[in-house]
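> Questions regarding the structure given below will be posed in turn.
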Amino acid sequence: MNGGYMKQKKFDDDVKIPALTDDDFKRARRVTPEEHKKFHQAVKNFRLRGRPKKTFGRYKPVTIRLNPYVLEWAKDQAKKKGIGYQTFINQTLLSHTG
């Protein structure tokens with residue numbers, strides 16, 4: 001145990017993380033097997049979202065008008081797969097190319 005001597009970690013000017021004390025460690029408890037299982041399921045299903053890392057020349061930005069029904073279908077399918085809808089549309093189009 002560190003006896004509360006851990007230095008405070010400073011991430012920015014407004015946020016400080018206090019040092020852990022002996023009381024903190026006394027109040028701590030072990031994670032139950034159920035909690036452990038839920039955590040691993042949540043992490044397993046976690047995927048990074050958002051804009052992919054830019055690679056020169058790999059993708060070309062375009063503007064396209066789609067029927068709202070098609071767009072909702074693509075978003076629903078993408079959500080089921082745990083990916084972004086633009087990625088799903090790209091994969092779908094690529095699967096129909098030669």
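> Anything over 18 Å Cα to Cα? Flag those among Lys44/Lys75; Lys44/Lys80; Lys37/Lys79, in the order listed. Don't skip to the answer; put the middle values down first.
Working: Lys44/Lys75 21 Å; Lys44/Lys80 15 Å; Lys37/Lys79 23 Å.
The pairs that break the limit, which is 18 Å between Cα atoms, are Lys44/Lys75; Lys37/Lys79.
> Based on the mean of other beta carbon atoms within 10 Å per residue, what is the order of 59-70, 19-30, 80-91, most packed first?
Taking the mean over residues of other Cβ atoms within 10 Å, the ranking is 80-91, 19-30, 59-70.
> Here's a follow-up. According to a simple spin-label model (label point 7 Å from Cα along Cα-to-Cβ), what is the distance in nm between Ala42 and Leu66?
3.1 nm
> Between Ile83 and Asp23, take the C-beta separation as r, use R0 = 35 Å, and let me know the FRET efficiency to the nearest 0.05.
Here the calculated transfer efficiency is 0.20.
> Can you compute the modelled spin-label distance between Glu35 and Leu94, with each label point 7 Å from Cα toward Cβ, in nm?
4.1 nm
Quick note: the coordinates plus some simple rules give every number you see, no bench work behind them. Only a predicted model underlies this, so the values are computations on that prediction, with no experimental measurement involved. Backbone-built Cβ (ideal geometry, glycine too); neighbour counts: all protein chains shown.
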